[in-house]
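What follows is a set of notes on a single structure, which appears directly below.
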Amino acid sequence: MSQKAIAVLTSGGDAPGMNAAVRAVVRSGISKGMKVYGVSRGYNGLLTGDVHELHLRSVSDIIHRGGTVLYTARSEEYNTPEGVKKAAEFCRELGVTGVVVIGGDGSFRGARDLTGEGIPCVGIPGTIDNDIACSEYTIGFDTAMNTAMEMVDKIRDTAQSHDRCSVVEVMGRRCGDIALQTGVAVGAAAILVPEVPYDLEKDVVSRILMNRDTGKKHFIIVVAEGVGKVHEIAKKIQERTGIESRATVLGHVQRGGSPTLRDRVVASEMGYKAVTLLEQGIGNRVVAMQNGKIVDFDITEALSMERVFDKNLYDLAHIISI
Ligand code: F6P
């Protein structure tokens, strides 16, 4: 019987810890007697043939590196029925019988479609946003939160020196998890997230005024990207309170950097799990974390799940930031 071959790709926005996941996939695959190919630039690599066999030492010295050594992309051509068929054909020619896809929801839809064309795929949640409904954790989230926290700590130094209010936007287009966790960790006076509607006067301005009455002189407001408008919010705060206010958008700094211990460990566990599924010929699954354990779900089921926002932590954050 010919040697089983699998491929691994990273797709969508990069996230710290993706390299640790790639390393785990390659080493687990080889230890199980498989050939492992690395696909460059997401699904594009399956269309252009930009695929290379990876060996044990190909993934040396990457566990601590941010970004993705496989590069990443969002592929328009792949997002067509013809594109998916072409990618599946390429996999068959190469003898690839399974693909590990590291990315977010969009990447999982691609994995579901490729599975539908006869190439079993397993998804691994890799995105700093923590916005995959079936998993309580996504690779890159811990590193991004810690980066955001460090950046806000620096902003606090200058806000404190000038008795200012700093309004800081963190990433999270559809998900307020980075904002929530960072907001708690920096003692933000208010946290604005896409999951909870807000009233600027009641939820921000009056909180600042109340805190000022009890002696507080500088303020941090953490805003998720999905809420946005930080410059407008800072301007209104200044107008309504008389406190000099500044806006900062942290942006892509949150996507880079060496992954934290948590991201490296979870990535290693998830990479291994994905390979064990493909080894058994099981595809159309997403690896996930539930109650701290590594589990897996059907991709279609996973994509239809609703994310649950931690409203208890959100309420608690506002109770103690007085
Ligand atoms: O990785 C997730 C994310 O950082 C979102 O929070 C953000 O909106 C988006 O990616 C930006 O991605 P890009 O700059 O690659 O389009």
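The values are calculated or read from the model by the stated rules, or taken from the named source; none is laboratory data. Just so it is clear, the model here is predicted, and its values are computed rather than measured. Cβ placement follows ideal geometry from the backbone for every residue including glycine, while neighbour counts extend to all protein chains displayed. Note: accessible area is taken over every heavy atom of the protein model, side chains too, but ligands, DNA and RNA are not part of it. Shrake-Rupley method; radii C 1.70, N 1.55, O 1.52, S 1.80 Å.
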Residues located in the stretch 40-61, provided they are in contact with a strand residue (DSSP E or B) (Cβ under 7 Å, 6 or more places away or on another chain) and of a type in the set (V, I, T): V51
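Pull up the stretch 230-249, narrow it to residues that are in a helix (DSSP H, G or I) and of a type in the set (A, V, I, L, M), then point me to the one that is surrounded by the most Cβ atoms within 10 Å (Cβ to Cβ).
So the residue we want is I237.
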Criterion (over 21 Å from V266 (Cβ atoms) and modelled with pLDDT under 95) met by exactly one of S75, S166: S75
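Residues that are open to solvent by 10 Å² or more (accessible area, probe 1.4 Å), within 16 Å of the ligand (Cβ to nearest atom) and closer than 30 Å to D296 by Cα: which helices (runs of 4 or more DSSP H) entirely in the stretch 136-229 hold 1 or more of them?
Counting at least 1 such residues, we get 141-162, 177-186.
Tally time: how many residues in the stretch 64-81 are assigned to a loop (DSSP other than H, G, I, E, B) and open to solvent by 60 Å² or more (accessible area, probe 1.4 Å)?
7
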Candidate set: the stretch 1-16, residues that are open to solvent by 10 Å² or more (accessible area, probe 1.4 Å) and more than 16 Å from the ligand (Cβ to nearest atom); chosen: the one farthest from A144 (Cα to Cα): M1
Cross-chain or 6+ apart pairs with Cβ under 6 Å, the stretch 34-61 first and free of Cβ contacts under 8 Å to residues at least 24 places away in the same chain, then among the polar types (S, T, N, Q): D50/S40
Identity of the residue in the stretch 84-132, open to solvent by 30 Å² or more (accessible area, probe 1.4 Å) and within 15 Å of the ligand (Cβ to nearest atom), that ends up farthest from I178 (Cα to Cα): G106
Hits in the stretch 199-220 (condition: free of Cβ contacts under 8 Å to residues at least 40 places away in the same chain and either of a type in the set (F, W, Y) or touching a Ser or Thr at 6+ places or on another chain (Cβ under 8 Å) (or both)): V205, L209, R212
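Regarding S268, is this residue open to solvent by 40 Å² or more (accessible area, probe 1.4 Å) and in contact (Cβ under 8 Å) with a residue 12 or more places away in the chain? If you could, list the steps in order and put the result at the bottom.
Values: open to solvent by 40 Å² or more (accessible area, probe 1.4 Å): no; in contact (Cβ under 8 Å) with a residue 12 or more places away in the chain: yes.
When the stated conditions are applied, S268 does not pass them.
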Any hit, the stretch 250-263, residues being in contact with a strand residue (DSSP E or B) (Cβ under 9 Å, 6 or more places away or on another chain), within 20 Å of R156 (Cβ to Cβ) and outside any helix (DSSP H, G or I): yes
